[in-house]
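Here's the structure, in structure tokens; my notes come after.
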Amino acid sequence: MSDPLAVVAGLPGVPEAVQEAREAVDRLYRHRVLRRRGPEVTAESALRGARASAALEGVDVPLEPLRVGEVADPVAQGALRASAELGRLTPTWRPAPRQVLARLHTLAAAGLTADPGRPRTVPTTADPLGLGPAPGPEETAARMSALAGLVTGSSAAPALVLAAIVHAELVVLRPFGVADGLVARAAERLTLVGLGLDPKSLAAVEVGHADLGDAYAEGLRSYQKGTGEGVGAWIRHCATAVVLGARETTAICEAMSR
């Protein structure tokens with residue numbers, strides 16, 4: 001297949017879900033608060049996204065202590081560091097995805113492993129979402145190479161489709177063996193930013209995933225099946241997360257306008 005992502009983009013229900021997400025982000029970008037307080041909104045979205053990403057790893061911390069630096073948990077701190085770096089990593093993501101993933105893992109896994117940033121070369125028992133055993137090192141390396149090819153290549157598929165595939169592959173493969181979920185969700189947002197769906201990184205998509213509760217892991221299990229139905233279900237889940245993330249940021253804008 002010359003454009004496998006375009007095939008995924010055409011799965012049943014995916015075009016409609018992607019269009020709904022696009023419209024939700026477009027509505028967010030028209031909010032009047034962004035004309036004068038856009039950077040503040042981006043910063044608040046990043047903070048809430050980092051908190052939600054840590055919660056999906058099993059570390060649910062209050063927002064206000066996190067905001068003022070009173071949370072020392074290494075998972076929450078890792079999520080914050082990865083989120084804060086996305087703006088600087090955006091230009092490098094498409095040409096050098098492996099380099100960016102290594103950097104994200106170095107940030108996310110500091111304090112969690114002695115050798116952050118290096119892909120695993122042995123099996124891992126890490127399974128925070130109950131997805132079952134991760135693929136072995138050889139299969140993981142091959143699929144990571146294929147994923148890098150998707151990121152560096154060209155496709156007619158919408159940004160959300162690639163972002164969803166990046167997210168799922170990193171969670172399912174667990175290429176580092178620790179903090180892979182933090183890296184996956186940061187890479188998803190990075191893809192949405194870099195491919196132009198959300199260039200100012202406003203939509204708190206991680207909050208959307210967290211708000212969907214058990215559907216997050218269920219969507220990943222569907223993706224693992226490798227069927228068109230399963231992959232399509234995951235893409236639609238990610239589209240819904242974007243819609244909810246845009247809704248979260250709209251609420252931030254509304255609060256600032258008051």
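Residues being open to solvent by less than 50 Å² (accessible area, probe 1.4 Å) and in contact (Cβ under 8 Å) with a residue 24 or more places away in the chain: count how many of those fall in region 134-149. Walk me through how you get there before you give the answer.
So the first thing to find is which residues in region 134-149 are open to solvent by less than 50 Å² (accessible area, probe 1.4 Å), and the list is 134-137, 140, 144, 147-149.
This time we only want the ones that are in contact (Cβ under 8 Å) with a residue 24 or more places away in the chain, so: 134-135, 140, 144, 147-148.
Total satisfying the criteria: 6.
Failed condition for Ala156, given (1) of a type in the set (A, V, I, L, M, F, W, C); (2) more than 13 Å from the chain's Cα centre (by Cα); (3) in a loop (DSSP other than H, G, I, E, B); (4) buried (at least 21 other Cβ atoms within 10 Å of the Cβ), with all others met?
(4)
Find the helices (runs of 4 or more DSSP H) located wholly in region 171-246 whose residues include 2 or more that are over 25 Å from Thr152 (Cα atoms) and within 13 Å of the chain's Cα centre (by Cα), and list them. Break it down stepwise before answering.
Values: elements: 180-194, 205-211, 215-224.
Once the helices (runs of 4 or more DSSP H) in region 171-246 are filtered for at least 2 residues that are over 25 Å from Thr152 (Cα atoms) and within 13 Å of the chain's Cα centre (by Cα), what remains is 205-211.
Test Ala168 against the stated conditions and say whether it is small (Gly, Ala, Ser), open to solvent by 40 Å² or more (accessible area, probe 1.4 Å) and part of a helix (DSSP H, G or I).
On the way: small (Gly, Ala, Ser): yes; open to solvent by 40 Å² or more (accessible area, probe 1.4 Å): no; part of a helix (DSSP H, G or I): yes.
Answer is no for this residue.
So, in region 68-87, exactly how many residues are touching a Lys or Arg at 6+ places or on another chain (Cβ under 9 Å) and open to solvent by 30 Å² or more (accessible area, probe 1.4 Å)?
1
Return yes or no: is Arg32 part of a helix (DSSP H, G or I), under 16 Å from Thr250 (Cβ atoms) and open to solvent by 60 Å² or more (accessible area, probe 1.4 Å)?
Details: part of a helix (DSSP H, G or I): no; under 16 Å from Thr250 (Cβ atoms): yes; open to solvent by 60 Å² or more (accessible area, probe 1.4 Å): yes.
The answer is no for Arg32.
Taking Thr227, is it at negative phi and buried (at least 23 other Cβ atoms within 10 Å of the Cβ)?
Numbers: at negative phi: yes; buried (at least 23 other Cβ atoms within 10 Å of the Cβ): no.
Answer is no for this residue.
The values are calculated or read from the model by the stated rules, or taken from the named source; none is laboratory data. These numbers were taken from a predicted model, which means no experiment stands behind them. Don't worry about glycine lacking a Cβ; one is built from the backbone with ideal geometry, like all the others, and counts go over all protein chains shown. Accessible surface is based on the protein model in full, side chains and every heavy atom, while ligands, DNA and RNA are left aside. Shrake-Rupley method; radii C 1.70, N 1.55, O 1.52, S 1.80 Å.
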